[in-house]
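Remarks on the structure that follows.
The values are calculated or read from the model by the stated rules, or taken from the named source; none is laboratory data. Keep in mind it's a predicted model, so treat the numbers as computed, not measured. We place every Cβ from the backbone using ideal geometry, glycine too, and count neighbours over all the protein chains shown.
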Amino acid sequence: MKEFERKQLLERIEREGATVGASIPDEITVQGEEIALQTFVFEIRRRDTVPSGERDRVEQAKRNLRRERLQRKQQLEDEPLSFEEGEQLVEAIIGLDRALNELEALGPVDVAAEAQAQEVADRKRWTRFLRKALGQEDETGGRGRGP
């Protein structure tokens, strides 16, 4: 593969909309283990949130997919490949990215922690609003006049 072709392929995997229209591979070998990736992603994605029993499995899958993506990208950058082999690597990387995007887009992993964080954020906004309304905070968020 020529150097300019390699650069084109590398640019393709970093493109923001690269995963649009891409499909998640049915199966993929990650860290030497064959995984039914599409089935796994759709099984997890079907739920609104990740059940507590599945959290570790999903987080481990995301770590493994990121690691596999990095290895394949390095292979594309460094190894002597034909253009066709490079294109196959790019398609695999984009499929990994699509799977990662789906897993990252899942609802809150810990519903209780998410609710607590939302409550804390609401309290902070309410306090800031009251301070502004009472003239105790200026427009920049700093303390204004008053006690």
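Checking each residue in region 13-37 for being without any contact (Cβ under 8 Å) to a residue 40 or more places away in the chain and assigned to a helix (DSSP H, G or I) picks out only Glu14.
Hey, does region 20-40 have a residue that's within 27 Å of Glu3 (Cβ to Cβ) and in the same structural domain as Ala105 (by TED's automatic domain parsing)? Yes: region 20-40 contains one or more residues that are within 27 Å of Glu3 (Cβ to Cβ) and in the same structural domain as Ala105 (by TED's automatic domain parsing). Look at Asn64 and say whether it is closer than 17 Å to Ile13 by Cβ and at pLDDT below 90. For Asn64, the condition - closer than 17 Å to Ile13 by Cβ and at pLDDT below 90 - is not met. Of all residues in region 82-105, those that are out of contact with any helix residue (DSSP H, G or I) (no Cβ under 6 Å at 6 or more places or on another chain), surrounded by fewer than 18 Cβ atoms within 10 Å (Cβ to Cβ) and not hydroxyl-bearing (Ser, Thr, Tyr) total 8.
With respect to (1) under 30 Å from Ala36 (Cβ atoms); (2) at pLDDT below 90, the lone exception for Asp138 is condition (1). For region 1-60, filtering for residues that are under 19 Å from the mean Cα position of the chain (by Cα), surrounded by 13 or more Cβ atoms within 10 Å (Cβ to Cβ) and of a type in the set (S, T, N, Q) leaves 3.
I'm trying to understand the selection: among the residues of region 60-84, which are in contact (Cβ under 8 Å) with a residue 40 or more places away in the chain and either assigned to a strand (DSSP E or B) or among the charged types (D, E, K, R) (or both)? Answer for region 60-84, where residues must be in contact (Cβ under 8 Å) with a residue 40 or more places away in the chain and either assigned to a strand (DSSP E or B) or among the charged types (D, E, K, R) (or both): Lys62, Glu68, Lys73, Glu77.
Here is the figure for region 96-115: residues that are in a helix (DSSP H, G or I) and at pLDDT 75 or above total 9.
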